[in-house]
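**Student:** Sharing a structure below in structure tokens format, with a few things to ask.
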Amino acid sequence: MNPTPRIVTLLPSATEIVCALGFEDQLVGRSHECDFPPEVVRVPALTEAKFNPEGTSAQIDQRVKKIVGDALSVYRVDAARLRDLRPDVIVTQSQCEVCAVSERDVEAAVAEWLGVRPKIVSLAPYGLDDIFTDMQRVADALDAPARGTELVKRLRARLAAIKEKGRQASERPSVATIEWIDPLMAAGNWMPTLVEMAGGVNLFGKAGEHSPWMKFEDLAAKDPDLILILPCGFDMDRAAQDLPALTTHPDWNGLQAVRARRVFMADGNQYFNRPGPRIAESLEILAEILHPELFRFGHEGTGWRRL
């Protein structure tokens, strides 16, 4: 491969992986949601959402379900501009039709290319280990396997250190992680593993499986020690707009987490919903929330806050 490959990334975590591997200068195209590191906004955006992202959680959910129910993609790719950029490598995903441009969309966009077709790397992170596997796959596709090995080793060491220190905790609080407010959805995939590593007991969602829908009655029945709200794609201020769907429920104030002031919000968009290098910061945020007596990384106010 060309020692300076032209790279297009079509989801935020892919952009972060490519940059963490040292290929930021080779990035020639990105998705409209790619915003970290901040410098990547100079790169042309090649995608847009087919739905109106404004409104309540319930309204957004209905729009997305309508599109997916019609067997259509939630995002649109600018195929003409993608061809003009002549990428050597395109990094996309096949894990979630709602999260970013799918592999199917990319295949359709490049179907009529003449000459050399770009290499397509499709990420599929279901559990925590898959995130590291995907990092290595991107590094391999860019002919930089040693960079991938070093990045994965460094990140795994950060996670392992937190897990080890978390064993000193005198308690392991039961935790409900909420990935969507209305309708209610618990966090699955890598989140249950992160909760356990941070010194908690995960109540909803299974490691390696898609995030499950839930009802308020399920939340009340398990009555967690701690509730963490981190809606997919939302920062904390945006998520706060939809909180009344939870906090006005007649049984909300009866939950022990609410009574004990152990309800927290986190920036799901920048951290937990991005299966890339900042999975380490995500675990740091969880550790600070669950065990402030043991951990102080400085994420309060930017990565999380108490409700």
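**Student:** Select from the stretch 239-268 the residues that are free of Cβ contacts under 8 Å to residues at least 40 places away in the same chain, touching a helix residue (DSSP H, G or I) at 6+ places or on another chain (Cβ under 8 Å) and not small (Gly, Ala, Ser) and list them in ascending order.
**Tutor:** Result: His249, Asp251, Trp252, Asn253, Leu255, Val258, Arg259, Asp267.
**Student:** To continue, here is another question. Pull up the stretch 138-153, narrow it to residues that are within 17 Å of Thr4 (Cα to Cα) and of a type in the set (D, E, K, R), then point me to the one that is farthest from the chain's Cα centre (by Cα).
**Tutor:** First pass over the stretch 138-153, keeping only residues within 17 Å of Thr4 (Cα to Cα): 138-148.
Among the residues that remain, those that are also of a type in the set (D, E, K, R) are: 140, 143, 147.
Values: Asp140: 22, Asp143: 26, Arg147: 22 Å.
Across the stretch 138-153, the extreme among qualifying residues is Asp143.
**Student:** Out of all the residues in the stretch 224-257, which are closer than 23 Å to Glu196 by Cα, open to solvent by 10 Å² or more (accessible area, probe 1.4 Å) and over 26 Å from the mean Cα position of the chain (by Cα)?
**Tutor:** Across the stretch 224-257, the qualifying residue is only Gln256.
**Student:** Pairs needed: first member in the stretch 169-184, under 17 Å from Met197 (Cβ atoms) and in a loop (DSSP other than H, G, I, E, B); second member anywhere, open to solvent by 20 Å² or more (accessible area, probe 1.4 Å) and of a type in the set (A, V, I, L, M, F, W, C); C-beta distance under 6 Å; at least 6 residues apart or different chains.
**Tutor:** Partner pairs satisfying both residue conditions: Arg172/Val201.
**Student:** Among Leu228, Leu246, which is the only one that is outside any loop (DSSP other than H, G, I, E, B) and touching a Ser or Thr at 6+ places or on another chain (Cβ under 6 Å)? Steps first, please.
**Tutor:** Numbers: Leu246 fails: touching a Ser or Thr at 6+ places or on another chain (Cβ under 6 Å).
When all the criteria are applied, what remains is Leu228.
**Student:** Can you name the number of the only condition in (1) in a helix (DSSP H, G or I); (2) within 21 Å of Asn269 (Cβ to Cβ); (3) not charged (D, E, K, R) that Ala221 fails?
**Tutor:** (2)
**Student:** Starting from the stretch 26-46, keep only residues that are open to solvent by less than 10 Å² (accessible area, probe 1.4 Å), then list their pairs with residues that are aromatic (Phe, Trp, Tyr) whose Cβ atoms are within a distance under 8 Å, requiring at least 6 positions of separation or different chains.
**Tutor:** So the pair list comes out as Ser31/Tyr75.
**Student:** A further question on this structure: Return the only residue of Arg306, Arg296, Arg262 being crowded, with 18+ Cβ neighbours inside 10 Å, among the basic types (Lys, Arg) and at negative phi.
**Tutor:** Numbers: Arg306 fails: crowded, with 18+ Cβ neighbours inside 10 Å; Arg296 fails: crowded, with 18+ Cβ neighbours inside 10 Å.
Result: Arg262 is the single residue among Arg306, Arg296, Arg262 that is crowded, with 18+ Cβ neighbours inside 10 Å, among the basic types (Lys, Arg) and at negative phi.
**Student:** Still on this model: Pick out the one residue from Phe295, Phe264 that is closer than 30 Å to Val152 by Cα, at pLDDT 95 or above and part of a loop (DSSP other than H, G, I, E, B).
**Tutor:** Among Phe295, Phe264, only Phe295 is closer than 30 Å to Val152 by Cα, at pLDDT 95 or above and part of a loop (DSSP other than H, G, I, E, B).
**Student:** State which residue is nearest to Glu171 (Cα to Cα) when the search covers only the stretch 275-292 and only residues that are assigned to a loop (DSSP other than H, G, I, E, B) and open to solvent by 10 Å² or more (accessible area, probe 1.4 Å).
**Tutor:** So the residue we want is Pro292.
**Student:** Related question: Report the residue count in the stretch 47-95 for those that are in contact with a strand residue (DSSP E or B) (Cβ under 8 Å, 6 or more places away or on another chain), open to solvent by less than 80 Å² (accessible area, probe 1.4 Å) and at pLDDT 65 or above.
**Tutor:** Matching residues across the stretch 47-95 total 15.
**Student:** Just to verify a result, which residue in the stretch 203-223, among those that are open to solvent by 50 Å² or more (accessible area, probe 1.4 Å) and among the charged types (D, E, K, R), is nearest to Pro275 (Cα to Cα)?
**Tutor:** Our first condition is that a residue be open to solvent by 50 Å² or more (accessible area, probe 1.4 Å); within the stretch 203-223, this holds for 206-207, 209-210, 213, 215, 217-218, 221-222.
If we keep only those that are among the charged types (D, E, K, R) as well, we get 206, 209, 215, 217-218, 222.
On the way: Lys206: 16, Glu209: 14, Lys215: 26, Glu217: 30, Asp218: 27, Lys222: 28 Å.
Taking the candidates together, the pick is Glu209.
**Student:** Could we say that Arg104 is modelled with pLDDT of 65 or more and in a loop (DSSP other than H, G, I, E, B) here?
**Tutor:** Values: modelled with pLDDT of 65 or more: yes; in a loop (DSSP other than H, G, I, E, B): no.
Answer is no for this residue.
The values are calculated or read from the model by the stated rules, or taken from the named source; none is laboratory data. Quick caveat, the model's predicted, so the values are computed rather than measured. Note: ideal-geometry Cβ built from the backbone for every residue, glycine included; neighbour counts use all protein chains shown. What goes into the accessible areas is simple: the full protein's heavy atoms, side chains included, and nothing from ligands, DNA or RNA. Shrake-Rupley method; radii C 1.70, N 1.55, O 1.52, S 1.80 Å.
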